[in-house]
Amino acid sequence: MYLRTDLLDVFCYVEFLKKNNKKVCVLKSLSLQFKTALYASAFSVLALQVNSPASAFEQVDAKQAFQHSYKAYETANADASTPNSVLQELAFEAYIAGRDYFGSEHLNTANLALNYLFLLKPKERVSEQAHALAALVVRIYQREYDASAIELLEPLLLAFETMPSAKDEQISQYEIAITEVFVAQEAAHPGVVLAVKTAMAKAFLRLNQSRPALWSSLYDAYLERNGADHVLTVTSAFYAAMEDAGEGDVDDAIEKLEQVVAVDALGRAAVSQLQLAANHRLVAFYANQKDEDAVDRSLARIAEMSAELGVESTNEVVYRVNPSYPKEHLRSDEGGHVKLKFDINTSGRTENIRIESESAPEFGREGLKALSKWLYVPAYENGQPVKVKDETVQLDFSIQKSN
């Protein structure tokens with residue numbers, strides 16, 4: 001059976017319960033490990049029935065159709081050579097057949113939907129269809145389980161992971177629901193809750209949802225659990241810093257980013273990439289604070305790391321200041337431009353700036369002011385920083401006037 005490997009495995013069993021004097025097949029989790037599945041043997045029981053207004057013959061046809069579809073999925077899933085695309089198709093067919101047999105609001109229908117959703121790659125999950133299925137699973141699970149039950153974590157997480165774009169009302173509802181589960185289950189199952197919180201935080205990043213407290217709590221948890229050098233600690237520190245900066249807490253952001261760059265990457269590409277990104281942010285923060293020494297340190301680290309990682313960094317602007325529109329031309333809507341030639345010294349700063357052409361002297365003046373503050377990744381040759389000469393850039397000026 002398909003297992004979701006980005007979280008944990010799961011073991012399930014099927015039990016028969018009496019509901020309205022009819023036997024109904026209900027799948028329940030034996031462990032706290034998220035992957036729900038249906039055993040084909042349960043569906044071979046002749047006594048299996050569901051509440052449905054359909055005739056006996058229609059019910060038999062629906063049952064046979066489901067057994068056939070699910071058996072095809074189960075057989076393909078047992079074969080390691082089966083392409084994922086084929087498994088997806090068979091799992092979806094089993095879901096449709098199961099929906100027709102069990103009913104659209106049945107727990108088994110929800111579990112069949114989960115089987116299909118788990119087969120989707122992260123990018124494939126982001127769609128209206130996948131989100132509609134995830135929302136269906138959430139609704140059914142919320143009806144079948146207590147509001148604080150750990151079984152709700154996976155469906156609620158999928159609701160975030162499948163959402164194509166931010167929907168504030170739905171996000172709020174799902175977040176309230178999943179927080180209730182976190183509070184109830186964190187003491188007994190801290191690892192499970194931490195894993196789901198992390199996946200949820202990543203979904204929030206994709207949806208452009210700011211969650212400073214969430215990322216800060218993840219950083220604290222991973223720091224205590226795994227130590228400062230662990231990739232999850234470094235990752236959560238980086239994003240916690242970005243959230244701090246977004247909230248205006250630049251000093252806190254700098255502190256976390258310096259912790260990121262201080263870690264020994266130990267050849268781990270993921271950590272090195274985060275450190276490179278952290279140094280880029282540090283250049284901007286330190287430049288805004290006019291801390292020249294700190295800017296130099298961060299620029300040097302970017303150059304060294306780019307060389308180590310084989311990243312093309314020649315003439316890469318790390319910090320840019322936009323030119324001001326000349327006040328002398330505010331009454332005109334024609335705009336202007338200036339073409340500048342300059343050198344980049346071994347510390348990444350611009351120098352020897354010359355005007356190649358300009359539409360008016362005032363545009364040249366403002367262009368010179370702006371370019372003098374730009375910062376570049378220092379160029380390296382044979383392991384040594386070198387000066388780059390005669391670079392050119394054109395700055396275009398325009399202004400939009402309100403009616």
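I need the full set of residues from the range 350-375 which are charged (D, E, K, R) and in contact (Cβ under 8 Å) with a residue 12 or more places away in the chain, in order please. Break it down into steps so the answer makes sense when it comes.
Initial filter on the range 350-375 (charged (D, E, K, R)): 351, 354, 356, 358, 362, 365-366, 369, 373.
Correct list: 354, 356, 358, 362, 365, 366, 369, 373.
Go through the range 364-395 and give me each residue that's of a type in the set (Asp, Glu) and either exposed (fewer than 13 other Cβ atoms within 10 Å of the Cβ) or out of contact with any Phe, Trp or Tyr (no Cβ under 9 Å at 6 or more places or on another chain) (or both).
Going residue by residue through the range 364-395, those that are of a type in the set (Asp, Glu) are 366, 381, 390-391.
Result: 381, 390.
Please determine whether any residue of the range 234-257 is free of Cβ contacts under 8 Å to residues at least 40 places away in the same chain, touching a Gly at 6+ places or on another chain (Cβ under 8 Å) and in the same structural domain as residue 276 (by TED's automatic domain parsing). Quick ask: steps written out before the conclusion?
The initial filter retains those residues of the range 234-257 that are free of Cβ contacts under 8 Å to residues at least 40 places away in the same chain, namely 235-237, 239-240, 242-244, 246-257.
Those still in the list that are touching a Gly at 6+ places or on another chain (Cβ under 8 Å) too: none.
Looking through the range 234-257, none of the residues is free of Cβ contacts under 8 Å to residues at least 40 places away in the same chain, touching a Gly at 6+ places or on another chain (Cβ under 8 Å) and in the same structural domain as residue 276 (by TED's automatic domain parsing).
For the subset of the range 334-357 comprising residues that are over 30 Å from residue 273 (Cβ atoms) and of a type in the set (D, E, K, R), which member is surrounded by the most Cβ atoms within 10 Å (Cβ to Cβ)? Steps first, please.
First, pick out the residues of the range 334-357 that are over 30 Å from residue 273 (Cβ atoms): 334-341, 351-357.
Keeping just the survivors that are of a type in the set (D, E, K, R) gives 334, 339, 341, 351, 354, 356.
Details: 334: 10, 339: 17, 341: 14, 351: 11, 354: 12, 356: 12.
Top of the filtered list is 339.
Take the residues in the range 209-259 that are among the basic types (Lys, Arg) and in a helix (DSSP H, G or I), then tell me which one is nearest to residue 288 (Cα to Cα).
From the range 209-259, those among the basic types (Lys, Arg) are 211, 225, 256; that's our starting set.
Of the ones still in play, those that are also in a helix (DSSP H, G or I) are 225, 256.
Values: 225: 35, 256: 17 Å.
So the residue we want is 256.
Being touching a residue at least 24 places away in the same chain (Cβ under 8 Å) and surrounded by fewer than 19 Cβ atoms within 10 Å (Cβ to Cβ) is the filter; apply it to the range 125-135 and report the residue that is nearest to residue 61 (Cα to Cα).
Step one: list which residues in the range 125-135 are touching a residue at least 24 places away in the same chain (Cβ under 8 Å), which gives 125-128, 130-131, 133-135.
Within this subset, residues satisfying the condition of being surrounded by fewer than 19 Cβ atoms within 10 Å (Cβ to Cβ) are 126-128, 135.
Details: 126: 34, 127: 32, 128: 30, 135: 28 Å.
Among those residues, the one meeting the criterion is 135.
May I ask you to verify whether residue 111 is more than 25 Å from the chain's Cα centre (by Cα) and in contact (Cβ under 8 Å) with a residue 60 or more places away in the chain? Give the derivation first.
On the way: more than 25 Å from the chain's Cα centre (by Cα): no; in contact (Cβ under 8 Å) with a residue 60 or more places away in the chain: yes.
Taking the combined requirement at face value, the residue does not satisfy it.
Of everything in the range 285-333, what is over 20 Å from residue 387 (Cα atoms) and surrounded by 17 or more Cβ atoms within 10 Å (Cβ to Cβ)? Give them in sequence order.
So in the range 285-333, the residues over 20 Å from residue 387 (Cα atoms) come out as 285-291, 294, 309, 321-333.
Within the range 285-333, 285, 286, 287, 294, 323, 326, 329 meet the criteria.
Residues in the range 148-172 that are farther than 23 Å from residue 122 by Cβ and in contact with a helix residue (DSSP H, G or I) (Cβ under 9 Å, 6 or more places away or on another chain): how many? Reasoning before the result, please.
Residues of the range 148-172 farther than 23 Å from residue 122 by Cβ: 148-149, 169, 172.
Now restrict to residues that are in contact with a helix residue (DSSP H, G or I) (Cβ under 9 Å, 6 or more places away or on another chain): 148-149.
Residues that pass the stated criteria total 2.
The values are calculated or read from the model by the stated rules, or taken from the named source; none is laboratory data. Fair warning: this is a prediction, and the values are worked out from it, not measured in the lab. Virtual Cβ from ideal backbone geometry, glycine too; neighbours counted across all protein chains shown.
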